[in-house]
Every structure is written in C-alpha cells, then in structure tokens.
1. ILE38: touching a strand residue (DSSP E or B) at 6+ places or on another chain (Cβ under 9 Å) and farther than 20 Å from ARG178 by Cα, yes or no?
2. Grab the helices (runs of 4 or more DSSP H) fully contained in segment 1-68, keeping just those with 1 or more residues being within 29 Å of LEU99 (Cα to Cα) and away from the ligand (no atom under 16 Å from the Cβ).
3. Say whether the condition of being away from the ligand (no atom under 11 Å from the Cβ), at pLDDT 95 or above and over 23 Å from LEU60 (Cα atoms) is met by at least one residue in segment 168-186.
4. Here is a list of conditions, (1) touching a helix residue (DSSP H, G or I) at 6+ places or on another chain (Cβ under 8 Å); (2) among the β-branched types (Val, Ile, Thr); (3) assigned to a helix (DSSP H, G or I), and THR110 meets all of them except one; can you say which number that is?
5. Give me the pairs: first residue in segment 134-150 and without any contact (Cβ under 8 Å) to a residue 40 or more places away in the chain and within 8 Å of the ligand (Cβ to nearest atom), second residue of a type outside the set (A, V, I, L, M, F, W, C) and in a helix (DSSP H, G or I), beta-carbon distance under 8 Å, and six or more apart or on different chains, which are they?
6. From VAL138, VAL145, which residue is assigned to a helix (DSSP H, G or I), in contact with a helix residue (DSSP H, G or I) (Cβ under 9 Å, 6 or more places away or on another chain) and of a type outside the set (S, T, N, Q)?
7. For THR119, only one of the following conditions fails: (1) touching a strand residue (DSSP E or B) at 6+ places or on another chain (Cβ under 9 Å); (2) more than 10 Å from the ligand (Cβ to nearest atom); (3) among the polar types (S, T, N, Q). What is its number?
8. Restricting attention to segment 171-201, which residues are part of a loop (DSSP other than H, G, I, E, B) and crowded, with 24+ Cβ neighbours inside 10 Å?
Amino acid sequence: MAIFLDTGNISEIKKYHRMGILRGVTTNPTILLNEGVIGGMKGVKTRTIEIAKLIDPYPLSVEVTTNDKGKMLSQALDIAGWARNIVVKITIHGPKGELDNLEVVHELETHHDIRINVTAMMSAQQCFLAAMAGASYVSLLGGRVNNMGYNVVGEIKILRQLLDEHKLKAQIILASTREVLNVLEWLQAGAHIVTVVPKFLEGMIVHPYSKETVQMFLDDAQKSELGQTRASETKVVLAEKNSVKETTFVSGRKAK
Ligand code: E4P
C-alpha cells in the first residue's frame, strides 16, 4: 500500500517527500498546465527531470501528449529516457474510442522494457485488459467514477481479485481524489496505491482536537517553567461542519 502525490508542484513534493510519506508522484497535462508548465514538451521535460531527480528512486508518471499511434510510441521512448524512474502514462483509448493505445502499451512494456501507467479508466474491465496488455500500473479515476453516480469501491474489489487470481503484475492506482475519506477507503478496498492531491494529505494529518491537545501540552510546559500549577479545566473547541460546538471538560491529570 502506498501514497503517491498527484501534482506537478515542486514545493509540495519537497514538503511531503521530506516527511518520508511519498512513494511516487503522478502528473498529467492538466496538472502541469495548472502549475504553470508551458512550452509544450520542452516545458514538460524540464519539470519532469526536476521532479524525477527529487524523488528518485520512486516513480514519476508522465503522460504522452498525442493520440497518434506512431507519435505516441516515439514520444513514450523519448520521455522514458529523461530519467531512470519515469513511468510513461498512456490513456486506455483515444478521445473517440480509438483502439491503438493498448497495442502501444504492450509494445513498450514487452519490447522496450518501459514501465507504463494506463490511465483515464473508469471501470475494472478497462483496467483488467490494460493489465493483460502488460501495464505496470492501471489508473482508475475514482473521483470521476463516483461523480457518475456509482461507488468505485466495488470496481476496486473486483479488479484486485482478478489481478491476484490471474497473477498479473499491474498495480492499481486510485486517482482523482475528491475528499480526504477517499484515501484509506480506496486502499482498504484493494488499491495498491492512492495518488493524492496535496491538500488532502494535510487534511489526513491535521485534526482540530490534536491542535487543542498540542496547545495544552505547550501551555503546561510553559507554566511548568514559570513554576505554576496547570489549570484543571481546559476548553476544547470542536468545529463541526457549519456549527461550532464548545465543550468543557475536567482533565483527569494534574500537572505536578
Ligand atoms: C492521476 O493520475 C490522474 O490523472 C488524476 O488524478 C486525474 O484527476 P482529476 O480527475 O481530478 O482530473
């Protein structure tokens, strides 16, 4: 089980990588554009090399930007040569359902020994066939599936069972996170990896009650230095959705 970061933002990658919680990074053309990466493949290459170096030996997924079969193949070969930890991302099919992509995936994995992440998938059946074609990673866009009105958890369970039963090497990446809850729910359902947008990692770490507790420790440490006794009552403010509830409790322990 692993957490990847779904971003092209260097400072976010540095921040979470320093904590030791990342095992990879995923990008796509939209993510890179939103991070201000311009200049076509030249811009993509510069940012890619920077991220790849930062997280080495963990994998960085970088997507091809064409749907022409020949160009896809040569672009993938080019991208894979930028750094040793690059995984090339290829969509399951073209924008009109063109079927060339799995052939390209198969060729790159089996004849060129290049790791491929097949992306833009919404179902277990798409992922299963991508895994059969030889993909190292299959990306199921969980948030987009849920937005269509059904729960991706069912697809994850079916897919994980099939991959295990057929001893396929593909690792399931759950992408397209929409809320903090997605991360553990999708890992627990059978995803090998969830690729998370940075703000949700902060959401997983920070808890309002932890903040209050840490403040209490710091205040009492300060009082201890000043030679005071800790107050026995602490006010804890719990913010819940739109309403704010105030709770007062008597601590079970007294500072000595
Ligand atoms: C990751 O690999 C996907 O490209 C990404 O998570 C898609 O996210 P979105 O559905 O928020 O665009």
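The values are calculated or read from the model by the stated rules, or taken from the named source; none is laboratory data. Owing to the predicted nature of the structure, the values given are computational and were not obtained by experimental measurement. Neighbour counts run over all protein chains shown; Cβ positions are idealised from the backbone, glycine included.
1. no
2. Working: elements: 10-18, 29-34, 40-55.
So the answer is 40-55.
3. yes
4. Looking at each condition in turn, THR110 falls short on (1).
5. GLY143/ASN182
6. Of VAL138, VAL145, the one residue that is assigned to a helix (DSSP H, G or I), in contact with a helix residue (DSSP H, G or I) (Cβ under 9 Å, 6 or more places away or on another chain) and of a type outside the set (S, T, N, Q) is VAL145.
7. (2)
8. Within segment 171-201, just ALA191 meets the criteria.
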